[in-house]
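Some notes on the structure that comes next.
The values are calculated or read from the model by the stated rules, or taken from the named source; none is laboratory data. Being a predicted model, the structure only gives us computed values, none of them experimental. Cβ sites come from the backbone with ideal geometry, for glycine too, and all protein chains shown count toward neighbours.
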Number of protein chains: 2
Amino acid sequence: MAADSEDSPRQARLFVETPLQEAAIVELDPDRAHYLRHVLRLGNGDAVTLFNGADGEWRATIEAAGKRGGRLSVSTQIRTQESEPDLWLVFAPIKRARIDFIAEKATELGVAALVPVFTRYTAMTRVNVERLRANAIEAAEQTERLSVPEVREPVTLEKLLQDWPGERRLLMADESGAGQPIAVSLGGLDAAAKRQPWAVLIGPEGGFHRDELDLLRNLDFVTAVGLGPRILRADTAALAALSCWQALVGDWERPTPRLALDYKRRDAKER
Amino acid sequence: MAADSEDSPRQARLFVETPLQEAAIVELDPDRAHYLRHVLRLGNGDAVTLFNGADGEWRATIEAAGKRGGRLSVSTQIRTQESEPDLWLVFAPIKRARIDFIAEKATELGVAALVPVFTRYTAMTRVNVERLRANAIEAAEQTERLSVPEVREPVTLEKLLQDWPGERRLLMADESGAGQPIAVSLGGLDAAAKRQPWAVLIGPEGGFHRDELDLLRNLDFVTAVGLGPRILRADTAALAALSCWQALVGDWERPTPRLALDYKRRDAKER
């Protein structure tokens, strides 16, 4: 399902934080230059594509890549920026491999922001935001996304809810059995509700405290939903809720335009 | 979201392949006895629960656990067996960490069978079925499932389709852009179609070959669906399709009965 196939080697894609336009010069820090040289095994004169979350995707050529950094020159635009659903994933941090996994998969599933939240039963007390961010960038680069989710600093559940932006709705994975089934709840939304910004909230492995559940259920922007009769780990619950939201509310009514194109190219080559 | 919380340490659960009834004796092989002693740190007289995919879940006591194996005595039933949706996951094998992940997550998401399939662009040529099976058992044990998915021997796509059981429908994740959006397709099924056995088919990282796509689309038991405008890795596509199927066709209209019970217990304790 991913971008690369045997007969079309993976295109080197880089996320950069500078404006992209014809003839722009993009400077790379030593880390990114190292990635180009030693992971992607590219050097001066080689082609890459660049995206920055705002200006679409552009072809560029490596002009220099060494120990002290690199320089790329931008040539032509190959994709225009597309609008994406405004969906956050708010999640209680979990241990290392599973939190990496959440960052990677949530990026593929199109979230706009990752928001770590501390709840009463959250076992973790620290979050490596830089590491989460690196995982999100890598997932966006490798799966042809044109943007990278914002990774927020962690916040307590109380503070998050106090500062909650009024127009954003919160879909809460409620393992207590009190919520409606997710497909019933999301399938019943009217067009106006579907156009609002949303967030998915996944609690910690230990579940929410009763006081937290009471607090959440009484907020008018919260919709509590169930994810079926089997117990899901926190990372599975996050992916499942994001997938159902994208399928029923988000932009999954749209096809995958780039891959459709790759197929046409490959088929043409084979004939 | 998972079974354990800070104030209720995880119950040791074991999948066994022997009948479970009052006063039954269950023999453990050296591997499982080692797991009890050195991973769960349990010894003679300690309590565990057992399930076998047919007889529900039972309490048992460790009578012996040593280097040459172990013995458990079964006492009372604590859950009766529940019926589960008849959903297979048919997937092209991918590299080690991601295939482990597929086995774990598909088990949590309630699949009845895992079927590795070799396609034209599948990079892997071997599948460690025993390892997949171990991952599925561990996921079932840790997330309170009462059964373990069957893990089939790998098969070629041609052979799989030749021998396909006529009444089972095949939901194919079609990244070429030709399928209907998954929520439209599954949401439009009638009650009879929802009651049929189903399978989800996920192709390899390189996509299906054009001939494979043509073959699949012409079979009357195949429904091709799209999973949105972003490219998903094969493991993400598998999870997303299984989640949508469970939400729209499977048993996610049911709540999570055991966790609801745990909440009641914990709340009662805190008062």
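Side notes on the structure shown:
- Some residue of the stretch B:243-254 being outside the structural domain of B:Arg168 (by TED's automatic domain parsing), more than 20 Å from B:Val184 (Cα to Cα) and modelled with pLDDT under 95: yes
- Residue in the stretch B:55-75 that is closer than 30 Å to B:Ala247 by Cα, buried (at least 16 other Cβ atoms within 10 Å of the Cβ) and touching a residue at least 60 places away in the same chain (Cβ under 8 Å) present: yes
- Condition check for A:Arg126: away from every other protein chain (no Cβ under 12 Å) and surrounded by fewer than 23 Cβ atoms within 10 Å (Cβ to Cβ): yes
- In the stretch B:180-202, residue nearest to the other protein chains (Cβ to nearest Cβ) [restricted to those that are within 18 Å of A:Ala247 (Cα to Cα) and in a strand (DSSP E or B)]: B:Pro181
- Check on B:Thr107, out of contact with any strand residue (DSSP E or B) (no Cβ under 6 Å at 6 or more places or on another chain), modelled with pLDDT of 95 or more and farther than 27 Å from B:Arg195 by Cα: no
- Evaluation of A:Pro181 against (1) crowded, with 18+ Cβ neighbours inside 10 Å; (2) at pLDDT below 95 (one fails), failing number: (2)
- Residues located in the stretch A:220-239, provided they are facing another protein chain (nearest Cβ under 7 Å) and of a type in the set (Val, Ile, Thr): A:Ile231, A:Thr236
- The stretch A:203-212 - residue that is over 26 Å from the mean Cα position of the chain (by Cα) and more than 8 Å from chain B (Cβ to nearest Cβ) and, of those, surrounded by the most Cβ atoms within 10 Å (Cβ to Cβ): A:His209
- Applying a threshold of 6 Å to beta carbon distances and a minimum spacing of six or more residues, or different chains, the list of pairs starting in the stretch A:240-252 at a residue that is at the interface with chain B (Cβ under 7 Å from one of its Cβ atoms) and among the aromatic types (Phe, Trp, Tyr) and ending at one that is assigned to a helix (DSSP H, G or I) and crowded, with 24+ Cβ neighbours inside 10 Å reads A:Trp252/A:Gln246.
- Yes/no for B:Glu158 being more than 30 Å from B:Arg59 (Cβ to Cβ) and among the acidic types (Asp, Glu): yes
- Residue in the stretch A:137-159 that is nearest to A:Arg13 (Cα to Cα), counting only those that are within 13 Å of chain B (Cβ to nearest Cβ) and not in a loop (DSSP other than H, G, I, E, B): A:Glu141
- Single unsatisfied condition, B:Gly177 versus (1) touching a Phe, Trp or Tyr at 6+ places or on another chain (Cβ under 6 Å); (2) on the phi > 0 side of the Ramachandran plot: (1)
- For the stretch B:66-123, taking the residues that are of a type in the set (Phe, Trp, Tyr) and within 12 Å of another protein chain (Cβ to nearest Cβ), the one that is farthest from B:Ala139 (Cα to Cα) is identified as B:Tyr121.
- If you go through the stretch B:105-120 and keep only what is part of a loop (DSSP other than H, G, I, E, B), closer than 26 Å to A:Ser243 by Cα and not hydrophobic (A, V, I, L, M, F, W, C), you end up with B:Gly110, B:Thr119.
- From the list B:Thr49, B:Thr107, the one residue that fits, being crowded, with 17+ Cβ neighbours inside 10 Å, assigned by TED's automatic domain parsing to the domain that holds B:Leu201 and hydroxyl-bearing (Ser, Thr, Tyr), is B:Thr107.
- Yes/no for B:Thr119 being without any contact (Cβ under 8 Å) to a residue 24 or more places away in the chain and touching a Phe, Trp or Tyr at 6+ places or on another chain (Cβ under 9 Å): no
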